[in-house]
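Notes to accompany the following structure.
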Amino acid sequence: MKIGLLDSGVGGLSVLREIRRLLPGAHLHYVGDSAWCPYGTKSPGEIQGRVFRIADYLLDRGAEILVIACNSATIHAVGALRAVYPLPVVGMEPGVKPAAERTRSGVVGVLATEASLAGEKFHQLVSVHARGVRVITRPCPRFVDLVEDGLLEGAEPEAAVDEALAPLVDAGADVFVLGCTHYPFLRPVIEKRIPRGAEIVDTGAAVARRVASLLPAGIPPEGRGTVLIETTGPAGRLSELLPKLLPEMVETAETGAVKWS
Ligand code: DGL
């Protein structure tokens, strides 16, 4: 069973990591659109155009399930993809629902891209699942740049995280949603900088469980699947980033640049 994944860049590798953990026997083909990153500042039309192009590429190469490992792309394109493609399309959205269930202070902070936060789908999520809870949103474009540059620890990410979290912490948030797939790579920094007792919500593992539920019975969970990670940007850059982002996969994953036909 071949699973195709896409994101604006390397962020969706945080979702690939969860799927690999849960389903080591599945074959994974990932495309990161680093040449067009970020999606978070692009219009819905631009995002849809790129997502369709990459989805076609993955389908041509045998993907049987498509995972939109990007909140911005899901919010703006998942409906259109599902209407067109004859295969399961798994998307992801900021974890507003689990966050609203877990907050004790009644204040939830959602970190996500500008594009995600502006989407109608996001507003629906909040109005359906966060009644009676104060949801404070914060776009963090700097986090995406840091992850694309492989800057996952040290003074720069720490300052960016402090700056992003400050208004949420001041407002009393006790649950912080990582609503963009790049952000989990900064989780170790974020964890150290949220108030004591506060929680982080990341939906990557839930997406992996959803993918597992779609697989026909019989995929051996302990089998060895292949991992191909491609980028629309420079392949050399991706190979440099991989040891930082997915050290456990450096030996097994094949990397390269997308070869458009
Ligand atoms: N990783 C993406 C997301 O989950 C988008 C980041 C970006 O390109 O702005 O929203």
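The values are calculated or read from the model by the stated rules, or taken from the named source; none is laboratory data. Since the model is a prediction, treat every value here as computed from it, not as a measurement. Cβ placement follows ideal geometry from the backbone for every residue including glycine, while neighbour counts extend to all protein chains displayed. These area figures cover heavy atoms from the full protein model, side chains too; ligands, DNA and RNA do not enter into them. Shrake-Rupley method; radii C 1.70, N 1.55, O 1.52, S 1.80 Å.
Just a yes or no: is a residue in region 128-136 among the charged types (D, E, K, R) and either more than 16 Å from the ligand (Cβ to nearest atom) or within 17 Å of Ala206 (Cβ to Cβ) (or both)? Before the answer, list the steps.
Looking only at region 128-136, we keep the residues that are among the charged types (D, E, K, R), and these are 131, 134.
Pick out the ones that are also either more than 16 Å from the ligand (Cβ to nearest atom) or within 17 Å of Ala206 (Cβ to Cβ) (or both) and you get 131, 134.
Yes.
In region 35-66, what residues are touching a Leu at 6+ places or on another chain (Cβ under 8 Å) and within 12 Å of the ligand (Cβ to nearest atom)? Residue satisfying the conditions is Val51 alone.
If the requirement is being open to solvent by 30 Å² or more (accessible area, probe 1.4 Å), assigned to a loop (DSSP other than H, G, I, E, B) and not basic (Lys, Arg), which of these qualifies: Thr181, Thr252? Lay out the reasoning, then the answer.
Working: Thr181 fails: open to solvent by 30 Å² or more (accessible area, probe 1.4 Å).
Checking each option against the conditions leaves just Thr252.
Return the only residue of Leu152, Leu111, Leu146, Leu66 being touching a helix residue (DSSP H, G or I) at 6+ places or on another chain (Cβ under 8 Å), touching a residue at least 40 places away in the same chain (Cβ under 8 Å) and assigned to a loop (DSSP other than H, G, I, E, B). Please lay out each step first, then the result.
Details: Leu111 fails: assigned to a loop (DSSP other than H, G, I, E, B); Leu146 fails: assigned to a loop (DSSP other than H, G, I, E, B); Leu66 fails: assigned to a loop (DSSP other than H, G, I, E, B).
So the residue among Leu152, Leu111, Leu146, Leu66 that is touching a helix residue (DSSP H, G or I) at 6+ places or on another chain (Cβ under 8 Å), touching a residue at least 40 places away in the same chain (Cβ under 8 Å) and assigned to a loop (DSSP other than H, G, I, E, B) is Leu152.
Scanning region 88-99 for residues that are touching a residue at least 60 places away in the same chain (Cβ under 8 Å) and surrounded by 20 or more Cβ atoms within 10 Å (Cβ to Cβ) gives Val90, Met92, Glu93, Pro94, Gly95, Val96, Ala99. Of the residues making up region 120-150, those that are open to solvent by less than 60 Å² (accessible area, probe 1.4 Å) and of a type in the set (A, V, I, L, M, F, W, C) are Phe122, Leu125, Val126, Ala130, Val133, Val135, Ile136, Cys140, Phe143, Val144, Leu146, Val147.
Which of the residues that make up region 165-178 are open to solvent by 10 Å² or more (accessible area, probe 1.4 Å) and at negative phi?
Ala166, Pro167, Val169, Asp170, Ala171, Asp174
Applying the condition of being among the β-branched types (Val, Ile, Thr) and within 19 Å of the chain's Cα centre (by Cα) to region 163-185 and asking which residue is nearest to the ligand (Cβ to nearest atom) yields Thr181.
Cβ-Cβ distances below 7 Å connect the following pairs, each with a first residue in region 40-52 that is more than 16 Å from Ala83 (Cα to Cα), a second residue that is acidic (Asp, Glu) and open to solvent by 50 Å² or more (accessible area, probe 1.4 Å), and a separation of six or more residues or different chains: Gly40/Glu114; Thr41/Glu114.
Residue-wise test of (1) free of Cβ contacts under 8 Å to residues at least 60 places away in the same chain; (2) closer than 30 Å to Ala100 by Cβ.
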{"residue": "Glu156", "(1), (2)": "yes, no"}
{"residue": "Val161", "(1), (2)": "yes, yes"}
{"residue": "Gly197", "(1), (2)": "yes, yes"}
{"residue": "Gly223", "(1), (2)": "no, no"}
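If you go through region 184-216 and keep only what is in contact with a strand residue (DSSP E or B) (Cβ under 6 Å, 6 or more places away or on another chain), under 17 Å from Leu245 (Cβ atoms) and open to solvent by 40 Å² or more (accessible area, probe 1.4 Å), you end up with just Asp202.
Looking only at region 1-43, which residues are assigned to a strand (DSSP E or B) and surrounded by 21 or more Cβ atoms within 10 Å (Cβ to Cβ)? If the condition is that a residue be assigned to a strand (DSSP E or B) and surrounded by 21 or more Cβ atoms within 10 Å (Cβ to Cβ), then Ile3, Gly4, Leu5, Leu6, Asp7, Leu28, His29, Tyr30, Val31, Gly32 are the ones that fit.
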